[in-house]
Amino acid sequence: MARRLSLTLFLLAVVAFLSAPVLPSVPGRILADTQTQGVHVVEMTAKKYEFDPSPVRVKQGARVQLKITATDHVHGFNLRPFPEGSSPTNSQGLVFSSPQGCQRIEKHQTVTIEFVAQTPGTYPFKCCVHCGWHHRSMTGELIVEP
């Protein structure tokens with residue numbers, strides 16, 4: 001009798017686990033399960049001559065983590081801290097808590113860039129490690145919306 005009860009409870013637990021809702025894994029999109037302790041996590045890929053997604057959209061005031069994975073070979077990531085059209089003498093629109101400048105991303109590795117998006121605007125980013133013939137076209141945008 002106890003064995004039958006244990007088996008029944010086990011099967012109910014398996015059914016409950018398998019019927020639980022699952023959030024889709026969509027790279028670059030901010031999903032409910034990627035918001036932990038007020039941080040918006042954006043999964044990105046760097047592959048031959050493109051970043052995906054681009055543009056990346058975030059809200060003003062958000063703490064953001066860009067988790068960038070190089071899928072094919074070594075790439076780099078450099079995000080300008082000032083919005084397009086502003087002068088570097090102005091205060092930074094993105095305040096970084098991780099190292100700033102060119103971040104090297106080894107093949108099949110992930111680098112995390114963390115910042116607070118303080119000022120609305122468009123922030124260009126680019127690959128900063130030579131990755132082939134069209135390296136200079138490997139660019140993207142981060143858009144901070146009010």
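The values are calculated or read from the model by the stated rules, or taken from the named source; none is laboratory data. Keep in mind the model is a prediction, meaning the values are calculated, not measured. Note that we place each Cβ from the backbone using ideal geometry, even for glycine, and neighbour counts take in every protein chain shown.
May I ask you to verify whether A62 is modelled with pLDDT of 95 or more, within 15 Å of the chain's Cα centre (by Cα) and more than 22 Å from Y49 (Cα to Cα)?
When the stated conditions are applied, A62 passes them.
Of a type in the set (K, R) and either surrounded by fewer than 14 Cβ atoms within 10 Å (Cβ to Cβ) or out of contact with any Ser or Thr (no Cβ under 6 Å at 6 or more places or on another chain) (or both): is that true of K59 in this structure?
Judged against the criteria, K59 is a match.
Select, from T112, T71, T34, the only residue that is at pLDDT 95 or above and surrounded by 13 or more Cβ atoms within 10 Å (Cβ to Cβ).
Result of the check over T112, T71, T34: T71.
So S87 clears everything in (1) more than 14 Å from I68 (Cβ to Cβ); (2) touching a residue at least 60 places away in the same chain (Cβ under 8 Å) except one condition, right? Which one?
All conditions pass for S87, except number (2).
Tell me which residues, restricted to segment 90-126, are touching a residue at least 40 places away in the same chain (Cβ under 8 Å) and either of a type in the set (K, R) or assigned to a loop (DSSP other than H, G, I, E, B) (or both).
The answer is G93, Q109, Q118, T119, P120, K126.
Filter segment 48-59 down to residues that are at pLDDT 95 or above and out of contact with any Gly (no Cβ under 6 Å at 6 or more places or on another chain), then give me how many there are.
Matching residues across segment 48-59 total 7.
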